[in-house]
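The structure appears below as structure tokens.
The values are calculated or read from the model by the stated rules, or taken from the named source; none is laboratory data. Everything numeric here is computed off the predicted structure, so don't read it as measured data. Neighbour counts run over all protein chains shown; Cβ positions are idealised from the backbone, glycine included. What goes into the accessible areas is simple: the full protein's heavy atoms, side chains included, and nothing from ligands, DNA or RNA. Shrake-Rupley method; radii C 1.70, N 1.55, O 1.52, S 1.80 Å.
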Amino acid sequence: MTASLRYLFFPFLLTVLVGCQGASSPSAEPTNVEQGTDETSVESTDSSGTEDSNAESSKGEASEDKASQEVANGPGTTAVALSPGTYCYQLKTETEDIDTRITIAANDAVTGKSSGAVHNEAEGYYTSYSRKLNGIINGSNLDLDVATWIEYDKQNTQETWRVSPNELTLRNQSVLTKAPCSEVNKAFQDENGLEGEDLTSGAQNVKTQQVSFAPGESGTVVSDAVVRGDRNVYVLIAQGGQQMDLSMMSLEDNAVFDVVDPSGFILGTELTQEKIPLPYTGEYQVIVGGTRGNASYDLAIAIE
């Protein structure tokens with residue numbers, strides 16, 4: 001192609017391309033194109049084409065990166081408000097106290113406990129409750145299955161709470177603020193600083209057995225043996241307001257039991273005989289262990 005033809009051809013081609021772009025994209029921003037009149041302009045146009053190609057390549061790489069991110073996190077995934085860890089919150093007013101602890105796992109699973117009391121001294125009113133929390137964190141939302149034990153009753157609800165590092169907003173719009181876990185933990189511990197799960201967490205082996213009574217009976221005796229370092233756990237359902245009567249007999253007086261209520265709170269440790277008022281309706285655990293050596297025992301359990 002001669003130089004004169006090149007000068008005529010490129011302006012014509014650019015005019016056609018601009019016209020086509022305008023027709024296909026009526027809402028696009030207007031584009032001003034200066035037509036070249038010499039070979040320098042033509043070379044500039046070729047260079048611009050190379051730059052456009054590089055830009056498209058970069059854009060493609062960015063799109064691939066974004067696609068890879070969406071594959072990893074899921075399309076439309078919202079960053080969670082809390083990274084994995086344990087967080088504690090409190091509310092203290094003249095009429096209400098709430099302590100709540102939540103743990104976020106790496107897979108966004110949520111577990112937790114909450115303990116509260118509502119009180120009005122002027123009217124002589126007081127009630128307390130305990131909660132277990134299970135669910136997931138979704139952005140700043142905690143989507144939870146909540147088990148609540150209150151006044152001998154158990155309620156199961158599905159609730160969404162709002163969370164941030166500094167605040168926790170419950171379904172009823174009560175707002176708890178960040179608090180030291182060393183302070184909040186006290187709501188879930190006995191006088192020895194233990195929680196229910198601590199009683200079996202260090203055991204080498206844990207054997208669990210469901211306990212039921214024969215028709216017409218209100219008690220039973222279980223006979224077994226436990227190796228020191230192991231734990232035998234007896235699980236039974238009872239009603240809040242009842243009383244559990246427990247008595248342990250072992251050949252060498254080397255077996256004891258602990259009692260944990262449905263919310264995970266410890267009602268007694270290292271006992272051999274006890275009558276325990278039951279605060280909630282639900283599943284109680286009687287945990288048997290040896291104090292020295294291996295222990296053979298008879299454990300009498302009765303509900304009154």
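Counted by Cβ distance under 14 Å from Glu304, the other residues give a net charge of -2, where Lys and Arg count +1 and Asp and Glu count -1. For the range 183-271, chymotrypsin sites (Phe, Trp or Tyr not before Pro) meeting the loop criterion (DSSP other than H, G, I, E, B) and having at most 16 other Cβ atoms within 10 Å: Phe213. Backbone amide hydrogens, once placed in the peptide plane, bring Gly240 within less than 5 Å of Thr281, Gly282, excluding anything fewer than 5 places away on its chain. Share of carbon and sulfur in the accessible area of the range 207-298 stands at 45%, probe radius 1.4 Å. Cβ-Cβ distance of Asn185 and Glu304, R₀ of 41 Å, FRET efficiency by 1/(1 + (r/R0)^6): the value works out to about 0.80.
If you average the alpha carbon positions of the range 260-288 and of the range 124-151, how far apart do those two centres end up, in angstrom? The two parts, judged by their Cα centres, are 21 Å apart. Extension gain, Glu123 to Ala214, is 28.3 nm, computed as 0.36 nm per intervening residue step minus the present C-alpha separation. Karplus-based coupling profile of the range 103-113, in residue order and whole Hz: 10, 9, 8, 5, 8, 6, 5, 10, 10, x, 9, with θ = phi - 60° in 6.51 cos²θ - 1.76 cosθ + 1.60 and x standing for Gly or Pro.
With the convex hull drawn over the C-alpha atoms of the range 188-304, the volume per residue is 93 Å³.
Using mean Cβ contacts within 10 Å as the protection proxy, how do 290-299, 148-157, 171-180 order, highest first?
Top to bottom by mean Cβ count within 10 Å: 290-299, 148-157, 171-180.
Mind running the shape call on the range 170-250? Use the C-alpha gyration tensor, a ≥ b ≥ c as the square roots of the eigenvalues: rounded below 1.5 for a/c, prolate if a/b tops b/c, oblate otherwise. Oblate. Between the residues Cys181, Gln158, Ile104, the greatest Cα displacement towards the positive end of the dipole of the range 79-190, with unit charges on the Cβ of Lys, Arg, Asp and Glu, is found for Ile104.
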